[in-house]
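Enquirer: This is the structure, below, for whatever I ask next.
Values quoted throughout were computed directly from the atomic coordinates according to the rules given, and no laboratory measurement underlies them. The structure presented is a predicted model; accordingly, all values stated were derived computationally and were not measured. Glycine also receives a Cβ, built like all others from the backbone with ideal geometry; neighbour counts cover every protein chain displayed.
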Amino acid sequence: MPLDFSRSAPLTFGVELELMVLNTHDYNLVRGAPDLLRRLEKVKLPGGEVKPEITESMIEVNSSVHSRHEALLAELAGIRDAIVACADKLNFAVAGGGTHPFHLWKERRIYPTERFQRVSELYGYLAKQFTVFGQHIHIGVENGDDAVYLTHQLAPYIPHFIALSASSPFSQGEDTSFETSRLHAVSSFPLAGQLPPVSTWAEFNAYFDAMKGYGIVASMKDFYWDIRPKPEYGTVEIRICDTPLTVETAALLAAYAQTLSAELLRNRRSMPVEPLYRVYGYNRFQACRFGFEGELVSPFREGRVRVADDIVETLKRLEPVAPALGTQGALPALARRVTFASNDSLWLRDRYRETKSLPDVVRLQAQRWRNDPPPQ
Amino acid sequence: MNNNFLPALPFELSYPLLFGVLLVAGMLGGEMARKAHAPRILGYVAVGFAAAPLAQWMNLGPLLDAGRIFVDLALGLVLFDLGRRMDVQWMRRDWTLAAAGLAESVLTFAAVFACLIAFDYTAVVAAITASIAMATSPAVVLLIVQDTKAEGQVTERALNLVALNSLLASILTTILLTTAHLETKAEVESAILHPAYLFLGSVFLGWILASVARGIARAVEKTAELHFTLIAGLVTGAVGLAVLLKLSVILALLAFGLFTRNDARNFDLLNVSLAPASRPLYIVLFVITGASLPPEALVTGAVVGAALAGARLAGKFTGVLVFSAFGGLKLRQSVGLACSLMPMSTLALMLHHQVARQYPAFGAEVGAAFLAMLIVMEVMGPLAVQWGLGLAGETPREA
């Protein structure tokens, strides 16, 4: 049976944010999600929902569908306030960030749902190592063909999202020297990677049927791709970002994805997609390792370009598209960050330099999540 | 030929040798208990039960006195660790936690007091016994939490309630002891001054030590090894200082832990884990406690002891169940929490000894019944905590 692609209003958007649940005495991850979620059930959220994730120290925030960046930010801040209020009662702290700096994966516990237990049985230690925290951005598209087109065309911009969202320099108690170490946990899965070079939804369906026929996948959920079509929602889902340290950054990243998608859908590219993936892995590594200072190669032009310069150039190109979407304020805010080479990984490393203690870094990280922007 | 270099016969047994043996035997006992899916503590205590007649036969003095330094150090570490886990801010944010703590302490006191009055004990003796019965053994709860890797709301709440009831019990016992002084015609000044000195002095000592700890922590590199050494040294020193100044070791160490708890203003001291290094001390603590409990009390104090244990259980369960429901805990979580407050062990034994020393009539009157309850809870307590944390879903399923 072919996968049906639900139609959604083009360029509407929404985000998922995976968050860490922490104890307040040494700021390690804590088995807190079940109690926190139970308490949140009794609270009215401004929209969206909060759900369990693979281990009991994680929760996932889902926003509702938006068309304006400010509305998304207001909703995320409201959900954040509700979570913080419930966590206070239970003596937990909650924080953003792509990895917990010093937790040990073997201490994690799989959330007791049938799907998570199955994932854990199949993937062994990879499942517990998957206690990493990402932001997913959904962009609404009209049909499956557009989804396939947009998925391919967003691929060259993946390094931008990595550098802008990077917030996982520490892992298992060590500075990894990477701007984001979270993506290594994702890459280990056998179905990680990217969409094959299909060009229509019908072609994708044939690919999916074949994979299903081999018994490799059961649903779209089994593909752990960086960008993937999400037929149930009628969206393209960008899954590459670390969860930022603030809801503000999360909303900015979503605004960037929305504006970029608008431009890519308006000015359709006609170059072949296959060459894009020849350089994909290299560029992705450059951004993970060096962030804004990474050097990108393009199959369509000579020489290399710094990630920072590529972002600034892209933001400039998006200026004419922004006003219609209401993102004309968001894009310069991102440009400023690029200019000052400031991202969350830099902030975390600075805090470590000051405090010389990773528990302290996590404490400050939780404080920042709570207070920036201030509670409503 | 001069044989001076050879040991003289008969051999004289020394305490270091004895403690070495007890430690290894305790460890082995613990592992046997674990194989039977019982808490390790039961194994340690069982080795203690077995060692008591042996020590007597070898003409050694009471182990509790000889091993006092080990017991004090182990208890010092336990109380410091517990103080660190206590969170006054949390109690302010969630009133049901503080309310549950007060309620279970007050109700336990009332139930045990009423029970003893019904058995025709005097009010002073009943009150002192009731105040000791309020305390949950911090060492048992902490050790089982470590061993089972329990984590979550019930575990955190249990540790906070244990800290609270240990604190209340030691304050109240101290104050009541003075009332006992009054009855035995001591001067009024000492009746007021003594508890005031004990309480304020101990808290002040805790505060001073916490400040010193932070000061030194700032001066050295921020590594877990250095901070561990610092804390171990200061905890040991604190025990010595509290004894020297005739302050309450229990209160001073709890206060020390509480004041080193990191809050938003002050994060100089790393929250290092004391667990692996303090295990040998804990093992000796439980072996000695086991060896210090007279099994004959089970016979002489059986009836009253059973009634006391029942009254204590009723008080703790009622207090916890009522207020935890307000706090949004599920029933199985509340029951698990109440179970975690059952253990009685060294802390109660030490308080009992303190009372018996200062007020000998107490030991003679209620001793057997109290010790019978203590022996029962020494065995049932660890089982209750392990079962309760499992019921609440806080121990890992795969473990």
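Enquirer: Which of the helices in chain A meet the span-like rule: DSSP H, Cα axial reach of 24 Å or more, Kyte-Doolittle mean at least 0.5? Could the numbers behind the result be given before it?
Expert: Working: long enough: A:69-90 (32 Å, 0.71); A:247-266 (28 Å, 0.78).
Flagged H segments are A:69-90, A:247-266.
Enquirer: Give the lysines reachable from B:Lys246 as a straight Cα distance under 27 Å; neighbours fewer than 8 places away on the same chain don't count.
Expert: Filter leaves B:Lys185.
Enquirer: Turning to a different aspect of this structure: What helices does chain B hold that run 24 Å or longer along their axis, going by alpha-carbon atoms, with a Kyte-Doolittle average of 0.5 or more, using DSSP H for the helix calls?
Expert: Numbers: long enough: B:15-35 (30 Å, 1.01); B:40-57 (27 Å, 1.09); B:68-85 (25 Å, 1.00); B:95-118 (34 Å, 1.82); B:153-183 (44 Å, 0.92); B:188-219 (46 Å, 1.20); B:224-244 (29 Å, 1.75); B:275-292 (25 Å, 1.19); B:302-326 (37 Å, 1.51); B:360-391 (42 Å, 1.43).
Span-like helices here: B:15-35, B:40-57, B:68-85, B:95-118, B:153-183, B:188-219, B:224-244, B:275-292, B:302-326, B:360-391.
Enquirer: Then there is this: Cut-off is 10 Å between beta-carbons; in what order do A:Lys230, A:Lys106 appear when sorted fewest neighbours first? Could the numbers behind the result be given before it?
Expert: Values: A:Lys230 22, A:Lys106 8.
Going from least to most buried by this count: A:Lys106, A:Lys230.
Enquirer: In straight Cα distance, which lysines are under 17 Å from A:Lys212, not counting same-chain residues fewer than 8 positions off?
Expert: Leaving aside lysines fewer than 8 places away in the same chain, those within reach of A:Lys212 are A:Lys221, A:Lys230.
Enquirer: Taking the range A:263-337, which chymotrypsin sites (Phe, Trp or Tyr not before Pro) meet the DSSP loop condition and have no more than 12 other C-beta atoms within 10 Å? List each step's numbers first, then the result.
Expert: Working: sites: A:Tyr277, A:Tyr280, A:Tyr282, A:Phe285, A:Phe290, A:Phe292, A:Phe300; in loops: A:Phe300.
Hits after loop and neighbour filter: A:Phe300.
Enquirer: Could you give the size of the charge dipole of the range B:189-314 about its Cα centre, using +1 on the Cβ of each K and R and -1 on the Cβ of each D and E, expressed in debye and rounded to the nearest 20? Could the numbers behind the result be given before it?
Expert: Numbers: 8 positive and 6 negative charges, 41 e Å.
In total the dipole reaches around 200 debye.
Enquirer: Another question about this same structure. Of B:Val272, B:Ala238, B:Val284, which is farthest towards the positive pole of the range B:205-294's charge dipole, taken about the Cα centre with +1 and -1 on the beta-carbons of Lys, Arg and Asp, Glu respectively?
Expert: Going by the charge dipole, the pick is B:Ala238.
Enquirer: For the protein assembly as shown, give the magnitude of the charge dipole about the Cα centre (Cβ charges: +1 Lys/Arg, -1 Asp/Glu; no others), in debye to the nearest 20. If you can, show how the numbers build up before the last one.
Expert: Details: 66 positive and 69 negative charges, 30 e Å.
Charge dipole, the protein assembly as shown, about its Cα centre: 140 debye, nearest 20.
Enquirer: A further question on this structure: Suppose each label sits 7 Å from its Cα in the direction of the beta carbon; what would the B:Arg218-B:Ile69 distance come out to in nanometres?
Expert: In this crude spin-label approximation the distance works out to 3.4 nm.
Enquirer: If you average 1/r over all unlike Cα pairs in the range A:13-371 and invert the result, what Kirkwood radius do you get in angstrom? Each step should come with its number before you reach the end.
Expert: On the way: mean 1/r = 0.0485 Å⁻¹.
Over the range A:13-371, the inverse of the mean reciprocal pair distance is 20.6 Å.
Enquirer: I'd like the distance separating the alpha-carbon centroids of the range B:142-164 and the range A:224-280, in whole Å.
Expert: 45
Enquirer: Among B:Ser131, B:Val162, B:Gly327, whose Cα sits farthest toward the positive end of the charge dipole of the range B:39-391 (+1 at Cβ of Lys/Arg, -1 at Cβ of Asp/Glu, about the Cα centre)?
Expert: Highest projection toward the positive end goes to B:Gly327.
Enquirer: Starting from a Cα-only point model with no solvent, please compute log10 I(q)/I(0) by Debye for the range B:247-358 at q = 0.19 1/Å.
Expert: For the range B:247-358, the Cα-only Debye profile gives -1.26.
Enquirer: Report the net charge of residues surrounding A:Ile162, where surrounding means a beta-carbon distance below 14 angstrom and charges are Lys +1, Arg +1, Asp -1, Glu -1. Don't jump to the answer; show the numbers that get you there.
Expert: Numbers: positive: A:Arg182, A:Arg239, A:Arg284, A:Arg289, A:Arg306, A:Arg337; negative: A:Glu179, A:Asp226, A:Asp242, A:Glu293, A:Glu295, A:Asp310, A:Asp344.
Computed value for this residue: -1.
Enquirer: Once the cut-off is 31 Å, how many percent of the Cα-Cα pairs in chain B end up in the long-distance tail? Let's see the in-between values first.
Expert: Numbers: 29411 of 79401 pairs.
Taking all Cα-Cα pairs of chain B, the fraction more than 31 Å apart is 37 percent.
Enquirer: Order these by the 10 Å Cβ neighbour count, fewest first: A:Thr327, B:Thr122.
Expert: Working: A:Thr327 27, B:Thr122 16.
By the 10 Å Cβ count, ascending, the order reads B:Thr122, A:Thr327.
Enquirer: Let's see if you can work this out: charge +1 on each Lys and Arg Cβ, -1 on each Asp and Glu Cβ, no other charges. What is the dipole magnitude of chain A about its Cα centre, in debye to the nearest 20? Don't jump to the answer; show the numbers that get you there.
Expert: Values: 42 positive and 45 negative charges, 75 e Å.
Using only the charged Cβ atoms, the result is roughly 360 debye.
Enquirer: So which lysines can B:Lys35 reach, going by Cα to Cα under 30 Å and dropping same-chain residues fewer than 8 places off?
Expert: Here the lysines satisfying the reach criterion relative to B:Lys35 are A:Lys106, A:Lys128, B:Lys149.
Enquirer: Here is a further query. So, in nm, how far is label A:Leu3 from label A:Ser219 when the simple model puts each one 7 Å beyond its Cα toward the Cβ?
Expert: That separation, rounded to one decimal, is 1.2 nm.
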